[in-house]
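Working notes for the structure below.
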Amino acid sequence: MRYLYKLLLLGLLSFPVVVKGQVSQKAREILQQSIKAQGGEAKLRDVRSLELQTRSDFNGKTIFSIFKKQAPDKMRVEIHTLDGRVLKIYNAGKGYSLMNGKKEELSKNDLQDMREEARIFPELYFEQEGYQMTSLGEREYAKGSVETKLVSPSGNVRYYYFDKDSHFLTKIIDEQTQTTTLLDKYKAFGGIYFPTRLTLRFGSGEMVLQVLNVELNRSIPETDFSVE
């Protein structure tokens, strides 16, 4: 279940440190085009809360997940299977996990992971939060896409691929976890485009997540993010 949680979290993209990052001019242009395609910077910055519901099937089991985020740095991930429930909460530098009825404080690594994932639209804050991003251009194995390299504040390296025509993000390769996430079937929710199908590839396995619903700026109770 811990590995499954990590896969689901990685699949649903959303990335606070104050170190100034470095984004090359070309990478900045690619990001700006993608942000515009999603709905525009003004609309993205107006989103103060996000709730996303998904369904997936893995090893014959149906998995339902609920991801909640509230600006600037609160996040809740809840995963339901026939085997039970996994819950992880992050709130401004603190957090815990609940698995099979056992509650544990998040490890330093888990806190860093969730800290980097807690932003609703992290691409708006790459430079502010210490990310380094460069454009690698078009490569032979990525025809129709432009490739960028992103290094997080914790040192994790990911490669982002953006469609040349739509400018939507279509693929992420994560070096640390050796996973590839494909994103497609973009659909508008509240005037902002989200991928509604995410295909996670890891080793010889694959899992497809279907996004069932996205709610923006819904009032989420503070208790949903309580770490007490």
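The values are calculated or read from the model by the stated rules, or taken from the named source; none is laboratory data. Since the model is a prediction, treat every value here as computed from it, not as a measurement. All Cβ positions, even for glycine, are placed from backbone atoms using ideal geometry, and neighbour counts span all protein chains on display.
See the values below:
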{"read-out": "Selected residue (criterion: nearest to the chain's Cα centre (by Cα)) from residues of the stretch 33-51 that are outside any loop (DSSP other than H, G, I, E, B) and either among the small types (Gly, Ala, Ser) or over 16 Å from Gly191 (Cβ atoms) (or both)", "value": "Glu51"}
{"read-out": "Hits in the stretch 66-84 - residues which are at pLDDT 90 or above and more than 19 Å from Glu116 (Cβ to Cβ)", "value": "Ile66, Glu78, Ile79, His80"}
{"read-out": "Filter result for Ile220 (buried (at least 17 other Cβ atoms within 10 Å of the Cβ), of a type in the set (A, V, I, L, M) and in a loop (DSSP other than H, G, I, E, B))", "value": "yes"}
{"read-out": "The stretch 176-217, subset within 28 Å of Val151 (Cα to Cα) and not in a strand (DSSP E or B), residue farthest from the chain's Cα centre (by Cα)", "value": "Ser204"}
{"read-out": "Residue within the stretch 58-68 that is more than 15 Å from the chain's Cα centre (by Cα) and closer than 23 Å to Lys103 by Cα present", "value": "yes"}
